[in-house]
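To start, the structure under review is shown below, and the notes come after it.
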Amino acid sequence: MPKLWGGRFTSATDRSAYEFNASSGFDKKMYKEDIAGSIAHARMLGKCGIISSDESSRMIDALIKIREDLESDALHVTDEYEDIHSFVETILTERIGDIGKKLHTGRSRNDQVALDMKLYTRNQIKLTDKGIFDLQNTLFDIIKNNTDTYMPGFTHLQKAQPVTLAHHMSAYFEMFIRDRERLKSIFDRMNSCPLGSGALAGTTYDLDREYTAELLLFDKGPTRNSMDSVSDRDYLIEFLSALSIIMMHLSRFSEEIIIWNSNEYSFVEIDDRYSTGSSIMPQKKNPDIAELVRGKTGRVYGSLMSLLTTMKGIPLAYDKDMQEDKEVSFDAMETVHDCLREFNGMLSTITFNKNTMEKSARQGFTNATDAADYLVKKGVPFRDAHSISGRLVLKAISLNTSLDGLSLSDYKEESDLFEEDIYDAISLKTCVEKRVTFGAPGSASMKKIIRYYDEYLKEEAGLWKN
Ligand code: ARG
(Lines give C-alpha, C1' and ligand atoms only; values in the text may rest on other atoms or scores of the structure.)
Protein backbone atom coordinates (compact mmCIF):
# COMPACT_ATOMS: atom_id res chain seq x y z
CA MET A 1 0.00 0.00 0.00
CA PRO A 2 2.24 2.89 -1.15
CA LYS A 3 0.88 6.02 0.56
CA LEU A 4 1.47 9.77 0.41
CA TRP A 5 1.00 10.08 4.18
CA GLY A 6 1.71 8.02 7.29
CA GLY A 7 4.30 9.95 9.28
CA ARG A 8 2.01 10.56 12.23
CA PHE A 9 0.43 7.08 12.18
CA THR A 10 1.61 4.22 14.35
CA SER A 11 -0.45 1.41 12.90
CA ALA A 12 -1.52 0.50 9.40
CA THR A 13 -4.95 1.20 7.97
CA ASP A 14 -7.41 -1.63 8.24
CA ARG A 15 -7.44 -3.42 4.89
CA SER A 16 -11.13 -3.06 4.19
CA ALA A 17 -11.14 0.56 5.44
CA TYR A 18 -8.30 1.23 3.02
CA GLU A 19 -10.29 -0.22 0.15
CA PHE A 20 -13.41 1.65 1.22
CA ASN A 21 -11.42 4.88 1.19
CA ALA A 22 -9.51 4.30 -2.05
CA SER A 23 -10.58 5.82 -5.36
CA SER A 24 -7.96 4.55 -7.81
CA GLY A 25 -10.48 2.04 -9.21
CA PHE A 26 -12.41 4.90 -10.79
CA ASP A 27 -10.25 8.03 -10.69
CA LYS A 28 -7.65 6.33 -12.91
CA LYS A 29 -9.88 7.60 -15.71
CA MET A 30 -8.30 10.99 -15.03
CA TYR A 31 -4.69 9.95 -15.52
CA LYS A 32 -4.18 12.28 -18.48
CA GLU A 33 -5.58 15.24 -16.57
CA ASP A 34 -3.57 14.39 -13.46
CA ILE A 35 -0.35 14.21 -15.46
CA ALA A 36 -1.15 17.39 -17.42
CA GLY A 37 -1.74 19.21 -14.12
CA SER A 38 1.51 17.87 -12.67
CA ILE A 39 3.47 18.90 -15.73
CA ALA A 40 2.09 22.45 -15.49
CA HIS A 41 2.83 22.54 -11.76
CA ALA A 42 6.40 21.25 -12.26
CA ARG A 43 7.00 23.79 -15.02
CA MET A 44 5.76 26.61 -12.79
CA LEU A 45 7.87 25.45 -9.81
CA GLY A 46 10.94 25.58 -12.07
CA LYS A 47 10.06 28.96 -13.56
CA CYS A 48 9.55 30.47 -10.10
CA GLY A 49 12.83 29.03 -8.80
CA ILE A 50 11.06 26.95 -6.14
CA ILE A 51 12.86 23.95 -7.61
CA SER A 52 15.79 24.08 -10.05
CA SER A 53 15.10 24.14 -13.78
CA ASP A 54 16.98 20.87 -14.12
CA GLU A 55 14.72 19.25 -11.51
CA SER A 56 11.71 20.67 -13.27
CA SER A 57 12.65 19.27 -16.66
CA ARG A 58 13.55 15.86 -15.24
CA MET A 59 10.13 15.71 -13.59
CA ILE A 60 8.38 16.73 -16.80
CA ASP A 61 10.25 14.18 -18.93
CA ALA A 62 9.44 11.43 -16.45
CA LEU A 63 5.78 12.45 -16.28
CA ILE A 64 5.53 12.34 -20.07
CA LYS A 65 7.09 8.87 -20.01
CA ILE A 66 4.61 7.68 -17.38
CA ARG A 67 1.76 8.87 -19.60
CA GLU A 68 3.25 7.04 -22.60
CA ASP A 69 3.69 3.87 -20.57
CA LEU A 70 0.09 4.00 -19.39
CA GLU A 71 -1.09 4.51 -22.94
CA SER A 72 0.97 1.62 -24.30
CA ASP A 73 -0.18 -0.62 -21.44
CA ALA A 74 3.39 -0.97 -20.16
CA LEU A 75 2.15 0.45 -16.86
CA HIS A 76 -1.14 -0.05 -15.01
CA VAL A 77 -2.89 1.75 -12.20
CA THR A 78 -3.58 -1.07 -9.75
CA ASP A 79 -5.73 -1.24 -6.61
CA GLU A 80 -2.72 -1.02 -4.32
CA TYR A 81 -2.60 2.76 -4.92
CA GLU A 82 -5.02 4.90 -2.96
CA ASP A 83 -5.82 7.18 -5.87
CA ILE A 84 -4.49 8.36 -9.23
CA HIS A 85 -2.49 11.12 -7.52
CA SER A 86 -0.63 8.67 -5.26
CA PHE A 87 0.01 6.43 -8.23
CA VAL A 88 1.62 9.10 -10.39
CA GLU A 89 3.77 10.51 -7.57
CA THR A 90 4.89 7.07 -6.40
CA ILE A 91 5.91 5.94 -9.88
CA LEU A 92 7.65 9.27 -10.50
CA THR A 93 9.67 8.87 -7.30
CA GLU A 94 10.50 5.26 -8.14
CA ARG A 95 11.84 6.44 -11.47
CA ILE A 96 13.71 9.66 -10.63
CA GLY A 97 14.31 9.28 -6.91
CA ASP A 98 14.20 12.21 -4.49
CA ILE A 99 13.44 14.79 -7.20
CA GLY A 100 10.04 13.11 -7.60
CA LYS A 101 9.31 13.83 -3.95
CA LYS A 102 9.49 17.56 -4.70
CA LEU A 103 6.57 17.52 -7.12
CA HIS A 104 4.00 18.06 -4.40
CA THR A 105 5.68 21.27 -3.17
CA GLY A 106 3.02 23.96 -2.87
CA ARG A 107 0.23 21.57 -3.80
CA SER A 108 -2.39 19.47 -2.03
CA ARG A 109 -4.45 16.62 -3.32
CA ASN A 110 -7.42 18.91 -2.72
CA ASP A 111 -6.47 21.47 -5.36
CA GLN A 112 -5.04 18.65 -7.48
CA VAL A 113 -8.29 16.69 -7.62
CA ALA A 114 -10.28 19.89 -8.10
CA LEU A 115 -8.10 20.60 -11.13
CA ASP A 116 -8.25 17.05 -12.53
CA MET A 117 -12.01 16.96 -12.32
CA LYS A 118 -12.34 20.35 -13.99
CA LEU A 119 -10.01 19.36 -16.81
CA TYR A 120 -11.89 16.09 -17.28
CA THR A 121 -15.29 17.79 -17.24
CA ARG A 122 -14.18 20.48 -19.67
CA ASN A 123 -13.28 17.80 -22.18
CA GLN A 124 -16.50 15.93 -21.57
CA ILE A 125 -18.52 19.09 -22.22
CA LYS A 126 -16.81 19.35 -25.61
CA LEU A 127 -17.59 15.71 -26.42
CA THR A 128 -21.24 16.19 -25.48
CA ASP A 129 -21.40 19.30 -27.65
CA LYS A 130 -20.02 17.30 -30.58
CA GLY A 131 -22.56 14.52 -30.00
CA ILE A 132 -25.42 17.02 -30.16
CA PHE A 133 -23.92 18.75 -33.19
CA ASP A 134 -23.85 15.40 -35.05
CA LEU A 135 -27.46 14.78 -34.14
CA GLN A 136 -28.42 18.26 -35.34
CA ASN A 137 -26.86 17.46 -38.72
CA THR A 138 -29.00 14.33 -39.02
CA LEU A 139 -32.06 16.35 -38.07
CA PHE A 140 -31.20 19.02 -40.61
CA ASP A 141 -31.18 16.45 -43.42
CA ILE A 142 -34.60 15.21 -42.37
CA ILE A 143 -35.90 18.79 -42.13
CA LYS A 144 -34.64 19.78 -45.59
CA ASN A 145 -36.19 16.69 -47.20
CA ASN A 146 -39.59 16.83 -45.55
CA THR A 147 -40.98 20.34 -45.83
CA ASP A 148 -44.02 18.88 -47.63
CA THR A 149 -44.37 15.65 -45.69
CA TYR A 150 -47.70 16.27 -43.99
CA MET A 151 -48.53 14.75 -40.65
CA PRO A 152 -50.88 15.44 -37.78
CA GLY A 153 -49.58 17.68 -35.00
CA PHE A 154 -50.81 16.58 -31.56
CA THR A 155 -51.84 18.13 -28.29
CA HIS A 156 -52.90 15.81 -25.45
CA LEU A 157 -51.79 13.09 -27.88
CA GLN A 158 -54.98 13.90 -29.81
CA LYS A 159 -54.74 15.00 -33.41
CA ALA A 160 -54.80 18.79 -33.38
CA GLN A 161 -53.71 20.56 -36.56
CA PRO A 162 -51.69 19.46 -39.55
CA VAL A 163 -47.97 20.16 -39.57
CA THR A 164 -45.04 18.79 -41.56
CA LEU A 165 -42.36 16.36 -40.54
CA ALA A 166 -39.83 19.15 -41.14
CA HIS A 167 -41.64 21.34 -38.64
CA HIS A 168 -41.90 18.57 -36.06
CA MET A 169 -38.19 17.79 -36.36
CA SER A 170 -37.33 21.47 -36.17
CA ALA A 171 -38.85 21.54 -32.68
CA TYR A 172 -36.14 19.10 -31.57
CA PHE A 173 -33.49 21.05 -33.45
CA GLU A 174 -34.45 24.05 -31.30
CA MET A 175 -34.16 22.05 -28.07
CA PHE A 176 -30.69 20.96 -29.07
CA ILE A 177 -29.67 24.55 -29.86
CA ARG A 178 -30.59 25.46 -26.28
CA ASP A 179 -28.74 22.42 -24.94
CA ARG A 180 -25.59 23.55 -26.69
CA GLU A 181 -25.99 27.10 -25.44
CA ARG A 182 -26.24 25.73 -21.91
CA LEU A 183 -23.06 23.70 -22.37
CA LYS A 184 -21.23 26.75 -23.68
CA SER A 185 -22.21 28.88 -20.72
CA ILE A 186 -21.22 26.18 -18.22
CA PHE A 187 -17.89 25.82 -19.99
CA ASP A 188 -17.25 29.57 -19.84
CA ARG A 189 -18.26 29.91 -16.20
CA MET A 190 -16.12 27.01 -14.95
CA ASN A 191 -13.03 27.97 -16.90
CA SER A 192 -10.83 29.17 -14.02
CA CYS A 193 -7.95 27.23 -12.51
CA PRO A 194 -7.98 25.95 -8.89
CA LEU A 195 -4.32 24.85 -8.91
CA GLY A 196 -2.32 26.71 -6.27
CA SER A 197 -5.17 26.79 -3.75
CA GLY A 198 -3.38 24.14 -1.68
CA ALA A 199 -5.37 22.21 0.91
CA LEU A 200 -7.70 25.16 1.54
CA ALA A 201 -5.68 28.22 2.51
CA GLY A 202 -3.28 28.68 -0.41
CA THR A 203 0.43 28.08 0.11
CA THR A 204 3.45 29.83 1.60
CA TYR A 205 5.33 29.59 -1.71
CA ASP A 206 5.24 32.42 -4.19
CA LEU A 207 3.55 30.34 -6.90
CA ASP A 208 2.69 31.86 -10.27
CA ARG A 209 -0.96 30.85 -10.52
CA GLU A 210 -1.52 32.98 -13.62
CA TYR A 211 1.13 30.94 -15.37
CA THR A 212 -0.32 27.49 -14.55
CA ALA A 213 -3.80 28.73 -15.49
CA GLU A 214 -2.44 29.85 -18.84
CA LEU A 215 -0.55 26.59 -19.43
CA LEU A 216 -3.76 24.65 -18.78
CA LEU A 217 -5.84 26.94 -21.01
CA PHE A 218 -8.08 28.36 -18.31
CA ASP A 219 -9.35 31.53 -20.02
CA LYS A 220 -10.48 33.12 -16.79
CA GLY A 221 -7.14 32.72 -15.03
CA PRO A 222 -6.79 31.40 -11.47
CA THR A 223 -9.78 31.05 -9.11
CA ARG A 224 -10.14 33.86 -6.55
CA ASN A 225 -10.79 32.06 -3.26
CA SER A 226 -8.76 29.05 -2.19
CA MET A 227 -11.47 27.61 0.10
CA ASP A 228 -14.09 27.80 -2.60
CA SER A 229 -11.64 26.45 -5.21
CA VAL A 230 -11.02 23.15 -3.43
CA SER A 231 -14.66 22.57 -2.59
CA ASP A 232 -16.53 23.92 -5.61
CA ARG A 233 -18.44 21.26 -7.52
CA ASP A 234 -21.06 23.66 -8.90
CA TYR A 235 -19.81 23.20 -12.44
CA LEU A 236 -20.40 19.45 -12.15
CA ILE A 237 -23.90 19.98 -10.83
CA GLU A 238 -24.54 22.41 -13.67
CA PHE A 239 -23.19 19.91 -16.19
CA LEU A 240 -25.29 17.11 -14.71
CA SER A 241 -28.33 19.41 -14.94
CA ALA A 242 -27.55 20.14 -18.58
CA LEU A 243 -27.07 16.41 -19.20
CA SER A 244 -30.40 15.72 -17.51
CA ILE A 245 -32.13 18.22 -19.78
CA ILE A 246 -30.45 16.66 -22.83
CA MET A 247 -31.72 13.26 -21.69
CA MET A 248 -35.19 14.69 -21.12
CA HIS A 249 -35.16 15.88 -24.74
CA LEU A 250 -33.85 12.57 -26.03
CA SER A 251 -36.42 10.76 -23.94
CA ARG A 252 -39.33 12.77 -25.34
CA PHE A 253 -38.00 12.15 -28.83
CA SER A 254 -37.64 8.42 -28.05
CA GLU A 255 -41.18 8.32 -26.78
CA GLU A 256 -42.42 9.77 -30.07
CA ILE A 257 -40.43 7.25 -32.06
CA ILE A 258 -41.82 4.42 -29.93
CA ILE A 259 -45.36 5.66 -30.52
CA TRP A 260 -44.73 6.24 -34.22
CA ASN A 261 -43.22 2.78 -34.52
CA SER A 262 -46.27 1.07 -32.96
CA ASN A 263 -48.46 -1.04 -35.23
CA GLU A 264 -51.30 1.40 -34.68
CA TYR A 265 -49.39 4.45 -35.91
CA SER A 266 -46.83 2.97 -38.31
CA PHE A 267 -45.43 6.42 -39.06
CA VAL A 268 -41.87 5.06 -39.03
CA GLU A 269 -39.96 1.90 -39.55
CA ILE A 270 -36.84 1.55 -37.46
CA ASP A 271 -34.01 0.02 -39.43
CA ASP A 272 -33.11 -3.60 -38.66
CA ARG A 273 -29.71 -2.38 -37.46
CA TYR A 274 -31.40 -0.47 -34.65
CA SER A 275 -34.22 -2.79 -33.60
CA THR A 276 -34.41 -6.13 -31.91
CA GLY A 277 -36.60 -9.22 -32.01
CA SER A 278 -38.48 -11.24 -29.44
CA SER A 279 -37.30 -14.63 -28.25
CA ILE A 280 -40.83 -16.00 -28.41
CA MET A 281 -42.88 -13.87 -30.83
CA PRO A 282 -41.37 -14.18 -34.28
CA GLN A 283 -43.29 -11.26 -35.76
CA LYS A 284 -41.91 -8.65 -33.34
CA LYS A 285 -39.53 -5.83 -34.12
CA ASN A 286 -38.95 -3.80 -31.00
CA PRO A 287 -37.68 -0.22 -30.61
CA ASP A 288 -35.19 -1.20 -27.88
CA ILE A 289 -32.70 1.60 -28.57
CA ALA A 290 -35.36 4.29 -28.11
CA GLU A 291 -36.69 2.52 -25.01
CA LEU A 292 -33.21 2.29 -23.50
CA VAL A 293 -32.53 5.97 -24.14
CA ARG A 294 -35.83 6.77 -22.45
CA GLY A 295 -34.94 4.42 -19.59
CA LYS A 296 -31.43 5.72 -19.06
CA THR A 297 -32.82 9.20 -18.50
CA GLY A 298 -33.69 8.16 -14.95
CA ARG A 299 -30.12 7.12 -14.37
CA VAL A 300 -28.75 10.53 -15.40
CA TYR A 301 -31.32 12.36 -13.23
CA GLY A 302 -30.17 10.04 -10.44
CA SER A 303 -26.58 11.26 -10.79
CA LEU A 304 -27.73 14.86 -10.51
CA MET A 305 -29.79 14.12 -7.39
CA SER A 306 -26.94 12.13 -5.91
CA LEU A 307 -24.39 14.93 -6.23
CA LEU A 308 -26.80 17.64 -5.13
CA THR A 309 -27.50 15.59 -2.01
CA THR A 310 -23.84 14.84 -1.36
CA MET A 311 -22.90 18.50 -1.56
CA LYS A 312 -25.69 19.90 0.58
CA GLY A 313 -24.18 18.85 3.89
CA ILE A 314 -20.55 19.74 3.37
CA PRO A 315 -19.05 22.57 5.44
CA LEU A 316 -16.10 24.42 3.94
CA ALA A 317 -13.69 23.38 2.67
CA TYR A 318 -12.78 19.93 1.25
CA ASP A 319 -14.38 16.85 2.81
CA LYS A 320 -14.01 13.31 1.61
CA ASP A 321 -17.70 13.15 0.69
CA MET A 322 -16.65 14.96 -2.47
CA GLN A 323 -14.93 11.87 -3.76
CA GLU A 324 -18.47 10.65 -4.41
CA ASP A 325 -18.70 13.16 -7.27
CA LYS A 326 -16.75 10.90 -9.60
CA GLU A 327 -18.55 7.63 -10.20
CA VAL A 328 -21.97 9.21 -10.67
CA SER A 329 -20.59 11.94 -12.94
CA PHE A 330 -18.53 9.55 -15.05
CA ASP A 331 -21.54 7.31 -15.39
CA ALA A 332 -23.80 10.18 -16.48
CA MET A 333 -21.25 11.53 -18.96
CA GLU A 334 -20.74 8.13 -20.57
CA THR A 335 -24.45 7.37 -20.60
CA VAL A 336 -25.23 10.60 -22.44
CA HIS A 337 -22.48 10.06 -25.03
CA ASP A 338 -23.72 6.52 -25.66
CA CYS A 339 -27.33 7.68 -25.93
CA LEU A 340 -26.49 10.52 -28.33
CA ARG A 341 -24.50 8.18 -30.53
CA GLU A 342 -27.05 5.36 -30.66
CA PHE A 343 -30.01 7.70 -31.02
CA ASN A 344 -28.28 9.42 -33.92
CA GLY A 345 -27.61 6.06 -35.57
CA MET A 346 -31.24 5.07 -35.18
CA LEU A 347 -32.56 8.40 -36.47
CA SER A 348 -30.27 8.59 -39.48
CA THR A 349 -31.43 5.16 -40.70
CA ILE A 350 -35.13 5.40 -39.87
CA THR A 351 -37.76 5.27 -42.65
CA PHE A 352 -40.67 7.68 -42.47
CA ASN A 353 -43.87 6.24 -43.90
CA LYS A 354 -44.89 9.47 -45.55
CA ASN A 355 -48.17 8.17 -47.00
CA THR A 356 -49.31 6.85 -43.64
CA MET A 357 -48.45 10.15 -41.98
CA GLU A 358 -50.31 12.12 -44.61
CA LYS A 359 -53.34 9.80 -44.43
CA SER A 360 -53.39 10.22 -40.69
CA ALA A 361 -53.26 14.01 -41.05
CA ARG A 362 -56.39 13.83 -43.23
CA GLN A 363 -58.30 12.02 -40.51
CA GLY A 364 -59.35 13.28 -37.10
CA PHE A 365 -60.67 16.68 -38.20
CA THR A 366 -57.28 18.36 -38.06
CA ASN A 367 -58.73 21.03 -40.39
CA ALA A 368 -61.62 22.05 -38.10
CA THR A 369 -59.79 25.24 -37.03
CA ASP A 370 -59.32 26.11 -40.69
CA ALA A 371 -63.05 25.74 -41.37
CA ALA A 372 -63.66 28.22 -38.54
CA ASP A 373 -60.93 30.55 -39.87
CA TYR A 374 -62.70 30.50 -43.27
CA LEU A 375 -65.77 32.09 -41.65
CA VAL A 376 -63.69 34.52 -39.58
CA LYS A 377 -62.17 35.84 -42.79
CA LYS A 378 -65.75 36.52 -43.94
CA GLY A 379 -66.50 38.57 -40.85
CA VAL A 380 -67.89 35.98 -38.40
CA PRO A 381 -66.54 36.46 -34.85
CA PHE A 382 -64.13 33.63 -34.02
CA ARG A 383 -66.18 32.27 -31.11
CA ASP A 384 -69.25 31.85 -33.37
CA ALA A 385 -67.17 30.38 -36.17
CA HIS A 386 -65.68 27.91 -33.66
CA SER A 387 -69.14 26.76 -32.69
CA ILE A 388 -70.30 26.37 -36.33
CA SER A 389 -67.21 24.35 -37.16
CA GLY A 390 -67.86 22.19 -34.09
CA ARG A 391 -71.38 21.42 -35.34
CA LEU A 392 -69.94 20.49 -38.75
CA VAL A 393 -67.58 18.07 -37.02
CA LEU A 394 -70.54 16.49 -35.21
CA LYS A 395 -72.39 16.18 -38.51
CA ALA A 396 -69.35 14.58 -40.21
CA ILE A 397 -69.02 12.10 -37.32
CA SER A 398 -72.68 11.11 -37.67
CA LEU A 399 -72.26 10.65 -41.44
CA ASN A 400 -69.02 8.75 -40.86
CA THR A 401 -67.02 11.13 -43.07
CA SER A 402 -64.49 13.94 -42.82
CA LEU A 403 -65.02 17.70 -43.15
CA ASP A 404 -63.84 17.38 -46.75
CA GLY A 405 -66.53 14.70 -47.27
CA LEU A 406 -69.48 16.91 -46.33
CA SER A 407 -71.57 18.37 -49.18
CA LEU A 408 -71.84 22.10 -49.75
CA SER A 409 -75.49 21.96 -48.65
CA ASP A 410 -74.33 20.36 -45.34
CA TYR A 411 -72.09 23.41 -44.95
CA LYS A 412 -74.79 25.87 -45.94
CA GLU A 413 -77.16 24.40 -43.37
CA GLU A 414 -74.75 25.75 -40.74
CA SER A 415 -73.82 29.02 -42.48
CA ASP A 416 -74.75 30.71 -45.73
CA LEU A 417 -71.25 32.11 -46.00
CA PHE A 418 -69.79 28.76 -47.06
CA GLU A 419 -69.06 28.54 -50.80
CA GLU A 420 -67.39 26.01 -53.07
CA ASP A 421 -63.92 27.36 -52.12
CA ILE A 422 -64.33 25.90 -48.61
CA TYR A 423 -62.91 22.62 -49.95
CA ASP A 424 -59.70 24.28 -51.02
CA ALA A 425 -59.53 26.26 -47.78
CA ILE A 426 -59.57 23.08 -45.69
CA SER A 427 -57.39 20.94 -47.95
CA LEU A 428 -54.37 19.53 -46.19
CA LYS A 429 -51.93 21.48 -48.35
CA THR A 430 -53.71 24.80 -47.78
CA CYS A 431 -54.01 24.16 -44.06
CA VAL A 432 -50.24 23.86 -43.80
CA GLU A 433 -49.27 26.43 -46.40
CA LYS A 434 -51.55 29.10 -44.93
CA ARG A 435 -49.60 28.85 -41.69
CA VAL A 436 -47.15 31.54 -42.68
CA THR A 437 -46.35 33.10 -39.30
CA PHE A 438 -42.62 32.93 -38.60
CA GLY A 439 -42.06 29.64 -36.75
CA ALA A 440 -45.09 27.92 -38.32
CA PRO A 441 -44.96 24.93 -40.70
CA GLY A 442 -45.90 26.79 -43.93
CA SER A 443 -43.08 26.88 -46.46
CA ALA A 444 -42.78 30.69 -46.29
CA SER A 445 -41.74 30.27 -42.66
CA MET A 446 -39.81 27.01 -43.03
CA LYS A 447 -37.62 28.45 -45.79
CA LYS A 448 -36.36 31.11 -43.38
CA ILE A 449 -35.84 28.56 -40.61
CA ILE A 450 -33.88 26.27 -42.92
CA ARG A 451 -31.67 29.16 -43.97
CA TYR A 452 -31.10 29.93 -40.29
CA TYR A 453 -30.14 26.31 -39.48
CA ASP A 454 -27.85 26.17 -42.46
CA GLU A 455 -25.96 29.25 -41.23
CA TYR A 456 -26.04 27.95 -37.66
CA LEU A 457 -24.46 24.62 -38.58
CA LYS A 458 -21.82 26.35 -40.67
CA GLU A 459 -21.00 29.14 -38.26
CA GLU A 460 -21.65 27.65 -34.84
CA ALA A 461 -17.98 27.01 -34.06
CA GLY A 462 -18.91 24.59 -31.31
CA LEU A 463 -16.90 23.91 -28.18
CA TRP A 464 -15.69 20.66 -29.69
CA LYS A 465 -13.79 22.54 -32.40
CA ASN A 466 -11.52 24.27 -29.87
N1 ARG B 1 -9.66 10.84 -4.04
C2 ARG B 1 -9.87 12.12 -3.45
C3 ARG B 1 -11.12 12.76 -4.05
O4 ARG B 1 -11.52 12.33 -5.06
C5 ARG B 1 -8.68 13.00 -3.70
C6 ARG B 1 -8.50 14.10 -2.71
C7 ARG B 1 -8.04 13.57 -1.42
N8 ARG B 1 -7.83 14.59 -0.47
C9 ARG B 1 -7.80 14.33 0.87
N10 ARG B 1 -7.66 15.36 1.62
N11 ARG B 1 -7.91 13.14 1.32
O12 ARG B 1 -11.69 13.66 -3.50
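The values are calculated or read from the model by the stated rules, or taken from the named source; none is laboratory data. Small disclaimer: the values here were computed from a predicted structure and weren't measured. Note: ideal-geometry Cβ built from the backbone for every residue, glycine included; neighbour counts use all protein chains shown. The area values use the complete protein model at the heavy-atom level, side chains included, leaving out ligands, DNA and RNA. Shrake-Rupley method; radii C 1.70, N 1.55, O 1.52, S 1.80 Å.
Just to confirm a number: summing +1 for Lys and Arg and -1 for Asp and Glu over residues other than Asp129 whose beta-carbon lies under 13 angstrom from that of Asp129, what do you get?
Within the 13 Å Cβ shell, the charges total +3.
Given an 8 Å cut-off on Cα distances and at least 6 residues of separation, report the relative contact order of the chain as a percent.
RCO, the chain: 16 percent.
Sum up the charges of everything whose Cβ sits under 11 Å from the Cβ of Gly442, counting Lys and Arg as +1 and Asp and Glu as -1, but leave Gly442 out.
Value of the local net charge: +3.
Which sequence of Trp5, Trp260 reflects their accessible areas, 1.4 Å probe, from the largest down?
Descending accessible area places them as Trp5, Trp260.
Taking R0 as 45 Å, what FRET efficiency do you get between Ser409 and Asn466 from their Cβ-Cβ distance, rounded to the nearest 0.05?
With R0 = 45 Å, the Cβ-Cβ based efficiency is 0.10.
Heavy-atom accessible area of Arg362 with all protein chains present, probe 1.4 Å, nearest 10 Å²?
The value for Arg362 is about 130 Å².
For helix 443-459, what angle does its Cα long axis make with the longest principal axis of the chain, in degrees from 0 to 90 and rounded to 10?
10 degrees
Let me cross-check Ile132: its accessible surface, 1.4 Å probe, with only protein heavy atoms counted, in Å² to the nearest 10?
Rounded to the nearest 10, that gives 0 Å².
Mind checking the log10 I(q)/I(0) for region 317-466 at q = 0.09, 0.12, 0.15 Å⁻¹? Debye, one equal scatterer per Cα, no solvent, two decimals.
-0.55, -0.74, -0.91
Determine the alpha carbon to alpha carbon distance for each of Lys184/Lys447; Lys101/Lys220; Lys296/Lys458; Lys377/Lys412 and list only those over 23 Å.
In this structure, Lys184/Lys447; Lys101/Lys220; Lys296/Lys458 lie more than 23 Å apart at Cα.
Sort the following peptides by mean Cβ neighbour count (other Cβ atoms within 10 Å, averaged over residues), highest first: 210-216, 347-353.
So the order, starting with the most tightly packed, is 210-216, 347-353.
Quick check: net charge around Ala290, other residues with Cβ under 15 Å of its Cβ, Lys/Arg +1 and Asp/Glu -1?
Once positives and negatives cancel, what remains is -2.
Before anything else, pin down the relative contact order of region 333-430: Cα pairs under 8 Å, at least 6 apart, normalised by residue count, whole percent.
Relative contact order comes out at 27 percent.
Non-local amide H neighbours of Gly277 (under 5 Å, H modeled in plane, Pro and chain starts lacking H): which ones?
For Gly277, whose amide H was placed from the backbone, the distant partners under 5 Å are Asn286.
I'd like the accessible area for Asp206: 1.4 Å probe, protein heavy atoms, all chains in place, Å² to the nearest 10.
The value for Asp206 is about 130 Å².
Give the distance, in whole Å, between the Cα centre of region 205-252 and the Cα centre of region 321-393.
36 Å
Per the Debye formula with a single identical scatterer at each Cα and no solvent contribution, what log10 I(q)/I(0) holds for region 84-214 at q = 0.13, 0.19, 0.21 Å⁻¹?
With no solvent term, the Cα-only Debye profile gives -0.72, -1.09, -1.18.
For region 155-286, state the average projected area of the convex hull of the C-alpha atoms over all orientations, rounded to one decimal in nm².
13.7 nm²
Which of the residue pairs Lys28/Lys130; Lys144/Lys465; Lys47/Lys465; Lys65/Lys102; Lys159/Lys359; Lys32/Lys312 have a Cα-Cα distance greater than 22 Å in the structure shown?
Violating the 22 Å Cα-Cα cut-off are Lys28/Lys130; Lys144/Lys465; Lys47/Lys465; Lys32/Lys312.
Provide the descending list of Cα extents for region 223-284 along its principal axes, expressed in whole angstroms.
63, 24, 16
Would you work out the relative contact order for region 150-215, in percent, from Cα pairs under 8 angstrom that are 6 or more residues apart?
Worked out over region 150-215, it gives 17 percent.
With every protein chain kept in the model, how would you rank His386, His156 by accessible area, 1.4 Å probe, largest at the top?
Descending order: His156, His386.
Calculate the spin-label point distance for Ser443 paired with Asn355, positioning each point 7 Å from the Cα along the beta-carbon direction, and give it in nanometres.
For the pair Asn355/Ser443, the computed spacing is 2.3 nm.
Top to bottom by accessible area (1.4 Å), largest first, where do Arg182, Arg58 land?
The residues order as Arg58, Arg182, largest area first.
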